[in-house]
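All remarks here apply to the structure that follows.
The values are calculated or read from the model by the stated rules, or taken from the named source; none is laboratory data. What you see is a predicted model; the values in this text were computed from it and never measured. Heads up, the Cβs are rebuilt from the backbone with ideal geometry, glycines too, and the neighbour counts pull from every protein chain shown.
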Amino acid sequence: MSMAMLGLRHRMRGAIRQLPGVQRLLDFSRRSRPVLSDAEYGQFHDSGHLIIDPGIPERDLDAAIAELADHPDMKSNLHHGSRVFDGWKISRAVRSIALAPRVLRALRQLYGRKPRPFQTLNFPIGTEQRVHSDVIHFASDPPTYMCGVWVALEDIDRGNGALVYYPGSHRLPVVTMEDVAPGPGPSHYPLYEDYIEKIVRDRKLEPSHAILKKGQALIWASNLLHGGGTHIDKSRTRHSQVTHYFFEGCQYYQPLSSYGGYRHLKIDEWIR
Ligand SMILES: O=C(O)CCC(=O)C(=O)O
């Protein structure tokens with residue numbers, strides 16, 4: 001092909017890209033392109049978890065810590081319950097981690113629906129939170145359209161309280177408040193935690209720990225049993241951010257506050 005023809009072709013391609021709607025179509029096709037391999041897709045659905053590199057710029061990881069540093073829950077009386085709820089409302093970096101394009105694309109691929117992030121939690125240290133399934137807090141109808149994405153804002157190992165989880169446990173029956181307590185509500189939550197602890201013991205479930213490099217992320221399926229591992233080295237921080245996602249086109253509710261035929265609907269603000 002002559003140089004003139006090549007030049008013409010290049011100019012025509014540029015002109016087509018300028019046509020109304022074409023750019024949007026190209027963006028859409030880029031966003032819909034798979035980011036996970038078939039093996040990763042299979043692993044997530046088999047074991048209920050997947051570690052990915054979401055490609056979040058390091059400056060956003062650092063800024064998520066810095067922008068919340070003055071928040072009262074981040075600096076005084078740190079304890080295992082310390083966390084900033086919905087830091088995305090006050091921190092640009094927390095919001096961009098929640099909306100990281102590679103995470104959104106991975107979730108769309110895993111669930112076949114558009115992800116809808118609805119809550120962020122930022123932790124300064126390990127939570128030592130007892131083992132649970134997120135379904136007790138956030139459920140969807142149709143079921144299982146919810147997941148957590150936990151991003152390491154610094155290197156995480158057993159010493160600073162890595163997350164503990166039980167591969168394959170997302171396949172166990174969903175535990176509801178009707179199974180464990182005489183009624184709904186947070187005051188009965190310890191009964192739920194005792195019940196889950198017994199399941200782990202009776203079934204001899206084998207734990208894994210999320211040993212992650214700064215910037216890596218663990219995606220877990222809503223019913224995967226998980227919690228905060230022991231924070232062994234109390235001198236260390238464990239900066240991390242979890243974002244919780246529902247998926248488009250479901251009814252969303254809170255089983256902890258639901259009982260019998262009643263569903264406590266969860267109508268939240270979507271992170272945008
Ligand atoms: O970060 C942790 O230690 C626990 C987080 C957790 O269990 C959750 O977000 O559901």
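Taken together, Asp70, Asp46 contain a single residue that is among the acidic types (Asp, Glu) and exposed (fewer than 12 other Cβ atoms within 10 Å of the Cβ), which is Asp70.
For region 57-79, the set of residues classified as outside any helix (DSSP H, G or I) and out of contact with any strand residue (DSSP E or B) (no Cβ under 7 Å at 6 or more places or on another chain) consists of Pro57, Ala69, Asp70, Ser76, Asn77, Leu78, His79, listed by residue number.
Annotation: Lys266 fulfils all but one of (1) within 26 Å of Ile56 (Cβ to Cβ); (2) crowded, with 16+ Cβ neighbours inside 10 Å; the unmet one is (1). Scanning region 81-123 for residues that are hydroxyl-bearing (Ser, Thr, Tyr) and closer than 30 Å to Thr230 by Cα, we see that the one that is modelled with the lowest pLDDT is Ser82. For region 251-263, a residue qualifies if it is farther than 12 Å from Phe138 by Cα and surrounded by fewer than 18 Cβ atoms within 10 Å (Cβ to Cβ), and the qualifying residues are Gly260, Gly261, Tyr262. For region 157-183, the tally of residues that are closer than 21 Å to Gln241 by Cα and among the hydrophobic types (A, V, I, L, M, F, W, C) stands at 3.
Annotation note: Cβ proximity below 6 Å between a residue of region 212-229 that is over 18 Å from Gly168 (Cβ atoms) and a residue that is surrounded by fewer than 24 Cβ atoms within 10 Å (Cβ to Cβ) and polar (S, T, N, Q) (sequence gap 6+ or interchain) occurs for Gly228/Thr127; Gly228/Gln129.
Ala221 meets the conditions (1) farther than 20 Å from Glu154 by Cβ; (2) out of contact with any Gly (no Cβ under 8 Å at 6 or more places or on another chain) in every case but one. The failed one is (2). If only residues of region 111-126 that are surrounded by fewer than 21 Cβ atoms within 10 Å (Cβ to Cβ) and under 21 Å from Glu40 (Cβ atoms) are counted, the one that is nearest to the ligand (Cβ to nearest atom) is Tyr111.
If the condition is being out of contact with any Ser or Thr (no Cβ under 8 Å at 6 or more places or on another chain) and either touching a residue at least 24 places away in the same chain (Cβ under 8 Å) or not small (Gly, Ala, Ser) (or both), then region 259-272 contributes Tyr259, Gly260, Tyr262, Arg263, Leu265, Lys266, Ile267, Asp268, Glu269, Trp270, Arg272.
Residues in region 190-226 that are among the small types (Gly, Ala, Ser) and at negative phi were compared, and the one that is surrounded by the fewest Cβ atoms within 10 Å (Cβ to Cβ) is Ser208.
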